[in-house]
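Trainee: Have a look at the structure that comes next, please.
The values are calculated or read from the model by the stated rules, or taken from the named source; none is laboratory data. These numbers come from a predicted model, not from an experiment. Ideal geometry is used to build each Cβ from the backbone, glycine not excepted, and the neighbour counts take in all protein chains shown. Accessible surface is based on the protein model in full, side chains and every heavy atom, while ligands, DNA and RNA are left aside. Shrake-Rupley method; radii C 1.70, N 1.55, O 1.52, S 1.80 Å.
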Amino acid sequence: MTIALYPGSFDPLTYGHLDIAQRAAALFDEVVIAVYATPDKKRVLFTTEERMGLVEEAVKDLANVRVLSYSGLTVEAARDIKAQVIIRGLRMVSDFEREFEMALMNKKLAPDIELVTLMSSLEHQFLSSSLLKEVVKLGGDPNSFVPPHVGVALMKKLRR
Ligand code: ADP
């Protein structure tokens, strides 16, 4: 049985994240989406519980996907759930350097865990949670980028 951990901030989940989760669910027996609870330097818009709730609602129909939160090292979170694989999504060139650096560090820390990166689908290549938050703050409509319940949550947070 192959278990894959899909870690990230998910602040909030977008269709880009969901696409990677769906594709991973077709490849592995179990996919565990791990919401990073303590992004030190990164300012998050949604609390850990809110981010988890938004992810849970989005994947509720995927039988082999579950959601948890974690802090500390990603490889430790993977070990805790006996995952053999860590999943990451890769967009254009922008993600490559950082992902490659993290992958090499994780490989040093946990040689037994493999990293699998799935290329972002064409329509999600330029979609990031951070850009989306800027756009919504300035009056843009989030609904082509996120599931409806995430759109509602974004509007509530950013358009008071
Ligand atoms: P992190 O802070 O760990 O980068 P994110 O929530 O930004 O957390 O991203 C989590 C994972 O999802 C990363 O592997 C990222 O590359 C991937 N991802 C984010 N947006 C997209 C997208 N539009 N298409 C494919 N993968 C994506």
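Trainee: Find the helices (runs of 4 or more DSSP H) located wholly in region 91-160 whose residues include 2 or more that are among the hydroxyl-bearing types (Ser, Thr, Tyr), and list them. Walk me through it before giving the result.
Mentor: Working: elements: 96-109, 129-137, 148-158.
Ranges flagged: 129-137.
Trainee: What residue, among those in region 56-90 that are of a type in the set (S, T, N, Q) and closer than 12 Å to residue 3 by Cα, is farthest from the chain's Cα centre (by Cα)?
Mentor: Filtering region 56-90 for residues of a type in the set (S, T, N, Q) gives 64, 69, 71, 74, 84.
Still in the list and also closer than 12 Å to residue 3 by Cα: 64, 84.
Values: 64: 16, 84: 18 Å.
Applying the filter and picking the extreme gives 84.
Trainee: Moving to a separate point now. Any residue that is under 26 Å from residue 147 (Cα atoms) and open to solvent by 20 Å² or more (accessible area, probe 1.4 Å) - is there at least one of those in region 73-88?
Mentor: First, the residues of region 73-88 that are under 26 Å from residue 147 (Cα atoms): 86-88.
Restricting the remaining residues to those that are open to solvent by 20 Å² or more (accessible area, probe 1.4 Å) gives 88.
Yes.
Trainee: Of the numbered conditions (1) away from the ligand (no atom under 12 Å from the Cβ); (2) aliphatic (A, V, I, L, M); (3) part of a loop (DSSP other than H, G, I, E, B); (4) open to solvent by less than 40 Å² (accessible area, probe 1.4 Å), residue 31 fails exactly one; give the number of that condition.
Mentor: Failed condition: (3).
Trainee: How do the pairs read when you match residues in region 5-19 that are over 10 Å from residue 35 (Cα atoms) with residues anywhere that are more than 6 Å from the ligand (Cβ to nearest atom) and among the hydroxyl-bearing types (Ser, Thr, Tyr), using Cβ under 6 Å and keeping only pairs 6 or more apart or on different chains?
Mentor: Going by the 6 Å Cβ cut-off, the qualifying pairs are 19/121.
Trainee: Still on this model: Being at pLDDT below 95, buried (at least 16 other Cβ atoms within 10 Å of the Cβ) and under 16 Å from the mean Cα position of the chain (by Cα): is that true of residue 120 here?
Mentor: Numbers: at pLDDT below 95: yes; buried (at least 16 other Cβ atoms within 10 Å of the Cβ): yes; under 16 Å from the mean Cα position of the chain (by Cα): yes.
Here the answer is yes, as residue 120 does meet what is asked.
Trainee: Next question. In region 51-72, which residue that is more than 14 Å from the ligand (Cβ to nearest atom) and in a helix (DSSP H, G or I) is least open to solvent (accessible area, probe 1.4 Å)?
Mentor: 53
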